[in-house]
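Before any comments, here is the structure.
Bear in mind that the values in this text are calculations on the coordinates, not laboratory data. Remember, it's a predicted structure, so these values are computed and weren't measured experimentally. Ideal geometry is used to build each Cβ from the backbone, glycine not excepted, and the neighbour counts take in all protein chains shown.
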Amino acid sequence: MVIKINGKLFAEMIIQGAQNLSNHADLVDSLNVYPVPDGDTGTNMNLTMTSGREAIEHNISQHIGELGKTYSKGLLMGARGNSGVILSQLFRGFSKELEAYEEINTRQLAESFKAGVETAYKAIMKPVEGTILTVARDAADAAIHKVEETDDCIELMSYVLEEAEKSLENTPNLLPVLKEVGVVDSGGKGLVLVYEGFLKAMKGETVSSEAPKLDKDSLVNEEHDFHGVINTEDIVYGFCTEVMVRFDKNKRAFDEQIFREDMSEFGDSLLVINDDEIVKVHVHTETPGDVFNYGQQYGELIKLKVENMREQHREVVKKEESSQSNAAISKTETVDTAVITISMGDGISELFKSMGATNIISGGQTMNPSTEDIVKVIEQSQCKRAIILPNNKNIMMASEQAADIADIEAVVIPTKSIPQGIAALFNYDESDTLIDNKSRMIESLEAVTSAAVTYAVRDTTIDGVEIKKDAFMGLIEDKIITSHVDLLETVKGLLSEMIHEDSEIITMIVGEDTSDVVTSQIESWIESAYPEVELDQHHGQQPVYPYLFSVE
């Protein structure tokens, strides 16, 4: 029985909650509703929670109120993506409620959960039910109810976790798109994992840390260190291969030791992570197909990734040779007004620079910058005022937090896409006031319709559009409009929905590794089908999205 929670125990709860989330971050990523290659809820929540954990590990206090302040600040500065920001707000309110206490009982614990929910809901302009917010609220309500029946913090936390799990399972009934795709809310799942870690710590248990952390330094967006390799030809196993398998009870029974031994035959750098539902494998091999075929003996392949490391090595060599010119893009300038834009791709960064952006932060769909990343740029620029363009809906909340934290006046232009960022910068006037620039830049967004082409990472059906894994998809704003195995046909279907009689300009931003042949075919089709519309083309070199479009 635990009657009181002090700072030391709360620190252990945070550490175990962070570890549990880290161990399952890839699983949370896989619950992304849209089958786009940027399902990063687990990654963002993991990096945010890790930032809070690191903050308290360096400053563990017996006083739970003091520890809560440290934890809240760590989460706030490390918050990435909307899911990470919401998580930071939940525990900001939670920690604020703890401030006056050296240790807390069940009632104060329950009231802290409730305060966290109230803070998070206030931070969201239009809260959506069936998300992490709902799971947090239902769990907090359960805590307030249960506190009348027990003075044992373990019993209270057990009930909170039980009700959070029930709420998570109900999210598809509240948010139709979850039911359509057949998943629970990813952010809610992440929160349940944190609460699981809390309970284990209260019971004196430890979440296993033997499995490698699934963060940006391991299996997510892995970057290989090639500096010890003299020549590209020295790479023995050329394909970095990852696969996630969901177990099927009707197939081969999973034995971790046998699985590892068999997988080790395919290559080196083997990592195997598993729980009761899935196994995640990372291996360097010459035969990725053999790895996938072996995995299928145990169940359904739900996530595949193959990278040619020899090609990556060639690119590293190229980048090192041109590092001096690339450094100019990321250099932080000292300015009166900092115009800070988030960019993905060197070509887009150069375009933003040419249009008046003073500071570029690399980021976007697959790696969202944190609140602290943005604040640091503001501080280093020594500016008197700042304008922030997130250019991605998932970076909006971190940008707003950064603007609130900054010591100088800062505003956020709510750009949700790269084309919107271009339109906003086109309307920036260095000689004008911050308020007038903000008003004019926001107004310019109304005239822009943004679209993107990417590929599907799984089979699904959304909004009546049937999507097959690896097929291309066309999205207008965030809505999937069309999907086709042929890239050109996908673009045609997408633009046909965008272009109307009053359309004047199509902006096309071409991504990296895009075929010149396809690009020329798109140009020819636009000229033929829409001769009155002007085509403005840029080489953005962005990853993940072969083409970005806007129509004005």
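Would you mind computing Rg(Cα) / (2.2 N^0.38 Å) for segment 163-210, counting N as its residues? Mind showing how you got there, number by number?
Working: Rg = 13.4 Å, N = 48, 2.2 N^0.38 = 9.6 Å.
Normalised by 2.2 N^0.38 Å, the Cα Rg of segment 163-210 equals 1.40.
Rank the residues Thr449, Thr41 as a footprinting-exposure proxy: fewest other Cβ atoms within 10 Å of their Cβ go first. Please report the intermediate quantities before stating the final value.
On the way: Thr449 19, Thr41 27.
Fewest-to-most ranking of Thr449, Thr41: Thr449, Thr41.
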Q: Return the long-range amide H neighbours of Val457 (sequence gap of 5 or more, or a different chain), with a cut-off of under 5 Å between placed amide H atoms.
A: Val36, Asp470
Q: Taking a cut-off of 19 Å between Cα atoms, list the lysines near Lys305, but don't count ones fewer than 8 places away on the same chain.
A: Lys213, Lys216, Lys280, Lys468, Lys469
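Quick one: if you take sqrt(5λ) for each eigenvalue of the C-alpha gyration tensor of segment 5-202, what semi-axes come out, biggest first, whole angstrom?
Details: eigenvalues 130, 70, 40 Å².
With the √(5λ) rule applied to segment 5-202, the semi-axes are 25, 19, 14 Å.
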Q: Mind sorting Ile56, Ile302 by how few other Cβ atoms lie within 10 Å of their own Cβ, fewest first?
A: Ile302, Ile56
Q.
Given axes a ≥ b ≥ c from the Cα gyration tensor, I'd like to know whether the chain is rounded (a/c under 1.5), prolate (a/b larger than b/c) or oblate.
A. oblate
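Return the subset of Lys179/Lys303; Lys166/Lys416; Lys416/Lys492; Lys126/Lys249 for which the Cα-Cα distance in this structure is over 30 Å, preserving the input order. All intermediate terms of the calculation are to be shown ahead of the outcome.
Values: Lys179/Lys303 20 Å; Lys166/Lys416 33 Å; Lys416/Lys492 23 Å; Lys126/Lys249 42 Å.
Table pairs above 30 Å Cα-Cα are Lys166/Lys416; Lys126/Lys249.
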Q: Calculate the spin-label point distance for Asp436 paired with Ser528, positioning each point 7 Å from the Cα along the beta-carbon direction, and give it in nanometres.
A: 4.8
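Taking the Cα centre of the chain as origin and charging only Cβ (+1 Lys, Arg; -1 Asp, Glu), how large is the dipole, in debye to the nearest 20?
Dipole size: approximately 1140 debye.
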Q. Counting only DSSP beta bridges with both residues in the chain, what percent are antiparallel, rounded to the nearest 5?
A. 70
Q: May I ask you to derive the relative contact order of the chain, considering only C-alpha pairs under 8 Å and at least 6 residues apart, and to give it as an integer percent?
A: 12
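Ranked by Cβ crowding within 10 angstrom, fewest neighbours first, how are Glu350, Glu99 ordered? Each step should come with its number before you reach the end.
Numbers: Glu350 19, Glu99 13.
Fewest-to-most ranking of Glu350, Glu99: Glu99, Glu350.
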